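Each remark here refers to the structure printed beneath this line.
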Amino acid sequence: MYCVKCGVKLSDDLTVCPLCQTKVYYNEEQIKANKEKKYPENMPIKNNANKSLASILTMLSMLAITIVLILCYQLYDEIRWGGYAIFSIAVFYCVLVLPLWFKKFNPIVSAVINHTVISLFLLYINLKTDGNWFLSFALPLNIIICINVVLSIILIKYVSKGGYFIAGGIIILIGLSSMLIEFFQHLTFNTRMFIWSGYVISCCAIFGLFLILAGIIKPLKNYLDQKFFI
């Protein structure tokens, strides 16, 4: 049902609208329906299904790696392109399959593992192509992205209040990170500074400050809450 005053969608157990504090009135049929709701005593356990899927995907990944190795050594007597395929499978496994083994996989640990594997993949590409861009560009870029992801997870998962401040801070952080990325791009490829990062910083700063102001100005916050059903 919805609030009669501001129109916000309400759950069945609320007695007061959380946005405008208007009292919620239920008719007799709604009260009876709420009392008669029946829930299963044993909730379905998804963890076993997830582990079964993880087992299947693990076997398929190992099979794919084995086929790649056999093909490379049969055709070339060396790994050649097989390294790219194996690292691609490793990234796929860490990002999509590894979390299925755990009932509650810590997203911070997952982010660190994923970015570590991606960094190793980029290092492998750098070595195979005789490049000199890994230490000066790819590794710092991956570290910056990983830090942004971890900080975002911490703010969203462990900070319960101040959603507008959190969102605004994350967006501003992304904008500032773009300047660092362009700096490492300048060091590695000798490009000009502030070609594209200035646009990113400007857009992120405007939108981020708007959200922070929305967290400070209560009428604006209430309007956005009502408009977007936050």
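Read the figures in this text as sums done on the coordinates, not as results from a lab. Here the structure is a predicted model, which is why all the values come from computation and not from measurement. All Cβ positions, even for glycine, are placed from backbone atoms using ideal geometry, and neighbour counts span all protein chains on display.
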Please give the calculated 222 nm ellipticity per residue for the chain, where each DSSP H segment of at least 4 residues contributes -39500 (n - 2.57) and the sum is spread over every residue; nearest 500 deg cm²/dmol?
-> -22000 deg cm²/dmol
Footprinting exposure proxy for Leu127, Leu57 (fewest neighbouring C-beta atoms within 10 Å first) | Leu127, Leu57
Roughly how many Å is it from the Cα centre of the stretch 75-131 to that of the stretch 151-203, as a whole number?
-> 25
Correct choice for semi-axes √(5λ) of the Cα gyration tensor in Å that was computed from the model, options [x] 24, 22, 18; [y] 46, 32, 11; [z] 29, 18, 17 = [y]
Would you work out which of Cys6, Phe183, Ile156 lies farthest towards the positive end of the dipole of the chain, given +1 charges on the beta-carbon of Lys and Arg and -1 on that of Asp and Glu, about the Cα centre?
-> Cys6
Subset of Lys9/Lys218; Lys5/Lys157; Lys23/Lys218 violating a 27 Å alpha-carbon distance limit | Lys5/Lys157
Mind checking the angle between helix 139-158 and the chain's longest principal axis? C-alpha axes, 0 to 90 degrees, to the nearest 10.
-> 20
Rounded to whole Hz, the Karplus (6.51, -1.76, 1.60) HN-Hα couplings of the stretch 108-121, x for glycine and proline | 5, 4, 4, 4, 5, 5, 4, 6, 5, 5, 4, 4, 5, 4
